[in-house]
Amino acid sequence: MRRTRPEAGDDSLRVGTLEIDPRARRASLDGRELALTTKEFDLLSLLASDPGAVIGRQQILREVWNTDWLGPTKTVDVHVASLRRKLGDPHWIETVRGVGLRLAPQT
């Protein structure tokens, strides 16, 4: 799992064949642009910011939804399911039971 920054001054994240450009708010996989909602893009960007690291649901809610919600986190599950479909391989995003989620690039 590798994250690279292609050029100085370029804020793009690359994880395997996934590329995310936060400034342009675009993401592509294998050169194909992904049609993501705002929250899907923010969630994918958060996971790609530290590939392989597990990010807890409460941190996801704080950083993507700007809330410290302590109730059910079903909205995270709904957005993850949608992202998995759009990425074409559900294994890109792994659920670590009782802990959180991580981006696991496919090779």
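A viscosity of 1.567 mPa s and a temperature of 4 °C, combined with the Kirkwood radius over Cα pairs in Stokes-Einstein, give a translational diffusion coefficient for the stretch 3-103 of 93 µm²/s. 3J(HN,Hα) along the stretch 26-38: 10, 9, 9, 10, 6, x, 9, 5, 9, 8, 10, 6, 4 Hz, from the Karplus curve 6.51 cos²θ - 1.76 cosθ + 1.60 with θ = phi - 60°, whole Hz, x for Gly and Pro. Measuring nothing but how far apart in sequence close Cα pairs (under 8 Å, 6+ apart) lie, relative to its length, the chain scores a relative contact order of 25 percent. Taking chymotrypsin sites (Phe, Trp or Tyr not before Pro) across the stretch 6-83, the ones in a DSSP loop with at most 14 further Cβ atoms lying within 10 angstrom of their Cβ are W69. When the Cα positions of G100, A81, N66 are compared along the charge dipole of the stretch 59-107, A81 comes out farthest toward the positive end, with charges on each C-beta of Lys, Arg, Asp and Glu. Dipole check for the stretch 3-103: with +1 at the C-beta of Lys and Arg, -1 at the C-beta of Asp and Glu, and the Cα centre as origin, the magnitude is about 280 Debye. 3J(HN,Hα) along the stretch 51-59, derived from phi through the Karplus expression 6.51 cos²θ - 1.76 cosθ + 1.60 where θ = phi - 60°, amounts to x, x, 7, 7, 10, x, 4, 5, 5 Hz, with x in place of Gly and Pro. Database remark: amide H of R26 closer than 5 angstrom to the amide H of D21 (H placed geometrically; neighbours at sequence offset of 5 or more, or on other chains; Pro and chain starts carry no H). Here the simple spin-label model places points 7 Å from the Cα toward Cβ, and for A53 and E33 these points are separated by 3.0 nm. What FRET efficiency comes out for the pair D89/T67, r = Cβ-Cβ distance, R0 = 25 Å, nearest 0.05? After rounding to 0.05, the efficiency reads 0.25.
In this structure the amide hydrogen of G16, modeled in the peptide plane, comes within under 5 Å of the amide hydrogens of R2, none closer than 5 places in sequence on its chain. For the stretch 73-89, putting each phi into the Karplus relation 6.51 cos²θ - 1.76 cosθ + 1.60 with θ = phi - 60° gives couplings of 10, 4, 4, 5, 4, 5, 5, 5, 4, 5, 4, 4, 4, 5, 6, x, 9 Hz, in residue order, rounded to whole numbers and with x for Gly and Pro.
Take the chain and mark each of the trypsin sites (Lys or Arg not before Pro) that is in a DSSP loop with at most 14 other Cβ atoms within 10 Å; the longest unmarked stretch, sites excluded, is 26-96. Between R26 and R97, the FRET efficiency from the beta-carbon distance, with R0 = 35 Å, is close to 0.65.
The numbers here are math on the coordinates, done by the rules we state, and not lab data. Source: prediction; values computed, not measured. Glycine gets a Cβ as well: all are built from the backbone with ideal geometry, and neighbour counts include every protein chain shown.
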